[in-house]
1. Among the numbered conditions (1) under 16 Å from residue 1 (Cα atoms); (2) in contact with a strand residue (DSSP E or B) (Cβ under 8 Å, 6 or more places away or on another chain); (3) free of Cβ contacts under 8 Å to residues at least 24 places away in the same chain, tell me where residue 26 comes up short.
2. Residues of segment 1-23 being touching a strand residue (DSSP E or B) at 6+ places or on another chain (Cβ under 6 Å) and modelled with pLDDT under 95, which ones?
3. Right, residue 18: without any contact (Cβ under 8 Å) to a residue 24 or more places away in the chain, within 13 Å of the chain's Cα centre (by Cα) and closer than 23 Å to residue 77 by Cα or not?
4. Of all residues in segment 37-61, which are in contact with a strand residue (DSSP E or B) (Cβ under 7 Å, 6 or more places away or on another chain) and free of Cβ contacts under 8 Å to residues at least 24 places away in the same chain?
5. Consider residue 64 against the criteria (1) in contact with a strand residue (DSSP E or B) (Cβ under 8 Å, 6 or more places away or on another chain); (2) surrounded by fewer than 10 Cβ atoms within 10 Å (Cβ to Cβ): it satisfies all of them except one. Which criterion is unmet?
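The values are calculated or read from the model by the stated rules, or taken from the named source; none is laboratory data. The structure displayed is predicted, hence computed values, not measured ones. Every residue, glycine among them, receives a Cβ derived from its backbone with ideal geometry; neighbour counts consider all protein chains shown.
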């Protein structure tokens, strides 16, 4: 699903337990995604897949501050 298609109605249709994304996409970043998920009431888990982040806890903290109601974490790849 494209970021622009992310709506509460669309999520209700597919009812995902987990949403996976890259840290940065063509038309979004993880902060924007988390904020939209919070705004539309998503109650599942949001996980970002990222490779080679030097300090993932800084990214995790930034996203958690932007969208504190979202269950967020980073899946770090080497």
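1. That leaves (2) as the condition not met.
2. none
3. no
4. Selection gives 56, 60.
5. For residue 64, the failing item is (2).
Here is a yes/no grid of residues against (1) more than 26 Å from residue 12 (Cα to Cα); (2) out of contact with any helix residue (DSSP H, G or I) (no Cβ under 6 Å at 6 or more places or on another chain); (3) assigned to a helix (DSSP H, G or I); (4) modelled with pLDDT under 95:
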{"residue": "26", "(1), (2), (3), (4)": "no, yes, no, yes"}
{"residue": "31", "(1), (2), (3), (4)": "no, no, yes, no"}
{"residue": "34", "(1), (2), (3), (4)": "no, no, yes, no"}
{"residue": "38", "(1), (2), (3), (4)": "no, yes, yes, no"}
{"residue": "47", "(1), (2), (3), (4)": "no, yes, no, no"}
{"residue": "54", "(1), (2), (3), (4)": "yes, yes, no, yes"}
{"residue": "58", "(1), (2), (3), (4)": "yes, yes, yes, no"}
{"residue": "63", "(1), (2), (3), (4)": "no, no, yes, no"}
